[in-house]
1. What angle, in degrees between 0 and 90 and rounded to the nearest 10, separates the Cα long axis of helix 84-97 from the longest principal axis of the Cα atoms of the chain?
2. If neighbour count is taken as other Cβ atoms inside 10 Å, put 113, 129 in order from fewest to most.
3. Find the relative contact order for the chain and round it to a whole percent, using C-alpha pairs within less than 8 Å whose residues are 6+ positions apart.
4. If one takes the longest principal axis of the Cα atoms in the chain, at what angle in degrees, from 0 to 90 and to the nearest 10, does the Cα axis of helix 61-73 lie?
5. In degrees between 0 and 90, to the nearest 10, how far off the longest principal axis of the chain does helix 104-115 point, with axes built from Cα atoms?
6. Extension gain residue 30-residue 73, at 0.36 nm per residue separation less the Cα-Cα distance, in nm?
7. Stick to the Cα atoms of the chain, pair each with every other, and give me the Kirkwood hydrodynamic radius in Å at one decimal.
């Protein structure tokens, strides 16, 4: 199973994104493995794709919600909640790696996926996860 990060989901869903085609190709090629998505990704996605400072044509909130709803209910997607154990691992990653505020959400996602047994993340930003032991990436 491959975990999805926000950068991958944005690239997949937004045509004007420079990695749009690569994200689509990866999803098609790896769909048999299945995908994991955290509730954190849904909130981050909404924040990013509706922002007019990031895109010439940001998505209206209603459209963005419809897109994440499709992911949430897709047959090949497993929803991974951040639970108590994931929270404990998150705190441990913060302590061990001395992370700053810009790495907090990456650490939370890595902790959530690792606790769920997901060891690969599809991302545009592979370097964001390199420091986390046991976490690999598939970059688009």
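The numbers here are math on the coordinates, done by the rules we state, and not lab data. Just so it is clear, the structure is predicted and the values come from calculations on it, not from any experiment. Neighbour counts run over all protein chains shown; Cβ positions are idealised from the backbone, glycine included.
1. Helix 84-97 sits roughly 80 degrees off the main axis of the chain.
2. Details: 113 29, 129 22.
Least to most surrounded, the residues fall as 129, 113.
3. Details: 201 pairs, mean separation 41.4, N = 140.
Here the relative contact order equals 30 percent.
4. Helix 61-73 sits at roughly 60 degrees to that axis.
5. The angle comes out at about 70 degrees.
6. On the way: separation 43, 0.36 × 43 = 15.48 nm, distance 1.79 nm.
Length gained, residue 30 through residue 73: 13.7 nm.
7. On the way: mean 1/r = 0.0656 Å⁻¹.
Its Kirkwood hydrodynamic radius stands at 15.2 Å.
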